[in-house]
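J.: Below you will find the structure I want to go over with you.
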Amino acid sequence: MYPLNRNRRLRSKESLRNLIRESTIHPHDFIAPLFLVEGKNVKEEISSMPDYYRYSLDNIVKEVKQLWELGVQAVLLFAKIPENLKDNAGTEALNIDGLMQRGVKEIKNTIPEITVMTDVALDPYSNYGHDGIVENNEIINDKTNEILSKMALSHAVAGADVIAPSDMMDGRVLSIRKILEKNGFHNTAIMSYAAKYASSFYGPFREALDSKPGFGDKKTYQMDFCNRFDAVSEAKLDINEGADIIMVKPGISYLDILRDLKNTIDSPIAIYQVSGEYSMLKAAGKQGWLDQDKVMMEQLISMKRAGASMIASYFAKDAIKLIS
Ligand code: PBG
């Protein structure tokens with residue numbers, strides 16, 4: 001009771017504030033998402049994501065070396081697939097010599113100690129821009145799982161450390177876990193996008209990969225953003241199917257979900273600060289309306305505070321430069 005208790009006392013100087021700080025952020029907390037594209041010496045800016053690029057494999061290796069030197073120890077790979085290689089069955093996704101599979105090998109050859117995570121979903125490979133196989137305007141669950149598990153296996157064969165299914169089909173974690181075990185990849189982990197919401201924050205990403213759904217939306221597989229309990233249910237199912245890490249996505253608007261999961265499950269939780277969050281802040285920063293660096297750190301720390309063990313973020317490099 002006042003004046004015995006004055007909360008301002010411990011805020012009175014920087015060194016005291018540092019002592020009582022609860023949440024901090026470290027370079028090792030980050031996962032850097034990276035976009036791969038075919039070609040040589042390509043580094044092309046994504047128009048909807050200022051200062052963020054697609055790289056050809058020769059350049060991605062340089063970028064990953066830089067990230068590693070800064071202290072980023074994990075990357076999450078996405079591949080931009082040429083239009084002529086897209087089909088309904090995602091055939092190119094299984095190509096052991098595909099862009100993604102070559103990307104994994106190149107990166108692991110350059111820095112064997114790094115953790116390479118790969119996105120598993122059909123949308124970049126689908127002529128419909130959907131995460132699964134389409135029949136009569138429906139996304140077919142179980143047939144898609146067969147392909148996703150083969151896709152995951154091809155990533156593991158290439159050397160991926162963590163398979164990250166982002167498709168939201170039911171039962172895909174179990175299909176992937178089974179095929180990995182059967183083929184001896186006992187230590188290949190699964191980071192499941194368990195609580196992935198049908199969000200308009202993914203807009204810039206879909207431009208980056210040219211993967212916009214050709215019809216409809218993703219509401220029959222991604223979650224309704226009006227719901228909380230569905231997230232807990234999804235996370236529990238995926239853990240029972242063998243997921244090692246659970247992801248919440250998007251980030252800043254879903255911190256309540258992150259905290260719900262933190263209070264309910266024991267698995268490590270990742271959060272994805274998605275493309276739309278990145279682009280909004282970049283835009284406001286470039287206009288001078290917000291201090292980009294300060295708002296970025298505030299958002300990233302809020303994700304740690306809410307319970308994230310790791311953060312996938314397009315700001316990984318910017319943030320680490322600030323921290324160190
Ligand atoms: C594809 C996938 C998406 C993202 C990650 N994996 C887009 C989507 O589901 O439409 C979004 C990432 C971002 O916006 O940064 N399955």
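The values are calculated or read from the model by the stated rules, or taken from the named source; none is laboratory data. Please read these numbers as outputs of a predicted model, since none were measured by experiment. Positions of Cβ are backbone-derived with ideal geometry, glycine not excepted, and every protein chain shown enters the neighbour counts. Please note that ligands, DNA and RNA were not included when accessible areas were found on the heavy atoms of the full protein model with its side chains. Shrake-Rupley method; radii C 1.70, N 1.55, O 1.52, S 1.80 Å.
J.: Could you give the angle, 0 to 90 degrees to the nearest 10, between helix 229-240's Cα long axis and the longest principal axis of the Cα atoms of the chain?
T.: Around 60 degrees separate the two axes.
J.: Sticking with this one: How much of the accessible area of region 109-251, in percent, comes from carbon and sulfur atoms when a 1.4 Å probe is used?
T.: Details: 2790 of 5810 Å².
Carbon and sulfur together cover 48 percent of it.
J.: Residues with amide H under 5 Å of residue 120's amide H, sequence separation 5 or more or different chain, H placed in the peptide plane at 1.01 Å from N; which?
T.: So residue 120 has HN proximity to 164, 166.
J.: Further question on the same structure: For helix 255-264, what angle does its Cα long axis make with the longest principal axis of the chain, in degrees from 0 to 90 and rounded to 10?
T.: Rounded to the nearest ten degrees, it is 90.
J.: Just to make sure I understand: if all protein chains stay in place, what is the order of 142, 131, 291, 266 by accessible area at 1.4 Å, largest first? Mind showing how you got there, number by number?
T.: On the way: 142 110, 131 0, 291 75, 266 155 Å².
In descending accessible area the options line up as 266, 142, 291, 131.
J.: Right, here's the next one. Subtract the Cα-Cα distance of residue 69 and residue 224 from 0.36 nm times their separation in residues, and report this length gain in nm to one decimal.
T.: Residue separation times 0.36 nm, minus the Cα-Cα distance, leaves 51.9 nm.
J.: What ranking do 87-98, 5-16 get when scored by the average of other Cβ atoms within 10 Å per residue, highest first?
T.: Values: 87-98: 17.4, 5-16: 9.0.
For the peptides 87-98, 5-16, the packing ranking is 87-98, 5-16.
J.: Moving on. From the helices alone, meaning DSSP H stretches of at least four residues, give me the mean residue ellipticity at 222 nm for the chain, per-run term -39500 (n - 2.57), in deg cm²/dmol to the nearest 500.
T.: Details: 11 runs with 125 residues, N = 324.
The per-residue figure over the chain is -12000 deg cm²/dmol.
J.: Give the ranking of 24, 220 by solvent-accessible surface, highest area first, calculated with a 1.4 Å probe.
T.: On the way: 24 85, 220 120 Å².
Greatest to least solvent exposure: 220, 24.
J.: Out of all DSSP beta bridges in region 24-323, what portion is antiparallel? Express it as a percent rounded to 5. Please list the in-between numbers first.
T.: On the way: 7 of 38 bridges.
Looking only at bridges with both residues in region 24-323, the antiparallel portion is about 20 percent.
J.: Could you list which residues have their amide H under 5 Å from that of residue 87, counting only those 5 or more apart in sequence or on another chain, with H placed in the peptide plane?
T.: For residue 87, whose amide H was placed from the backbone, the distant partners under 5 Å are 92, 127.
J.: Extending each Cα 7 Å along its Cβ direction at residue 264 and residue 142, get the distance between those two points in nm, one decimal.
T.: Distance between label points: 2.7 nm.
J.: Further question: Specify the angular offset, from 0 to 90 degrees and rounded to the nearest 10, of the alpha carbon long axis of helix 57-70 from the longest principal axis of the alpha carbons in the chain.
T.: 20
J.: A further question follows. Residue 14 to residue 210: FRET efficiency via 1/(1 + (r/R0)^6), r the Cβ-Cβ distance, R0 35 Å, to the nearest 0.05? Present the calculation step by step, with values, prior to reporting the outcome.
T.: Values: r = 47 Å, r/R0 = 1.35.
The computed FRET efficiency comes out at 0.15.
J.: Would you rank 151, 280 by solvent-accessible area, highest first, keeping every protein chain in place and using a 1.4 Å probe?
T.: Details: 151 0, 280 110 Å².
Output order, biggest surface exposure first: 280, 151.
J.: With every protein chain kept in place and ligands, DNA and RNA left out, what is the accessible area per residue of the chain? Probe 1.4 Å, answer in Å². Please report the intermediate quantities before stating the final value.
T.: Values: 15060 Å² over 324 residues.
Value for the chain: 46 Å² per residue.
J.: When a/c reaches 1.5 or more, the comparison of a/b and b/c decides; with that in mind, is the chain rounded, prolate or oblate per its Cα gyration tensor? Don't jump to the answer; show the numbers that get you there.
T.: Working: a/c = 1.68, a/b = 1.44, b/c = 1.17.
Prolate shape, in that a/c is at least 1.5 and a/b is the bigger ratio.
J.: Let me ask something additional. How far apart, in nanometres, would the label points at residue 253 and residue 294 be if each is projected 7 angstrom from Cα along the Cα-to-Cβ direction?
T.: Taking the simple label geometry, residue 253 and residue 294 are separated by 2.6 nm.
J.: If the chain between residue 84 and residue 2 were fully stretched, how many nm would it gain, using 0.36 nm times the residue separation less the Cα-Cα distance?
T.: Details: separation 82, 0.36 × 82 = 29.52 nm, distance 7.08 nm.
Net length gain for the segment: 22.4 nm.
J.: Could you run the Karplus curve 6.51 cos²θ - 1.76 cosθ + 1.60 with θ = phi - 60° over region 88-104 and give me ³J(HN,Hα) per residue in whole Hz, x for Gly and Pro?
T.: 3J(HN,Hα) across region 88-104, in whole Hz: 6, 8, x, 3, 5, 4, 9, 5, 5, 10, x, 4, 4, 5, 5, x, 4.
J.: Sticking with this one: Taking a virtual spin label 7 Å from the Cα of residue 240 along the C-beta vector, which residues in region 161-201 bring their backbone nitrogen under 15 Å of it?
T.: 170-175
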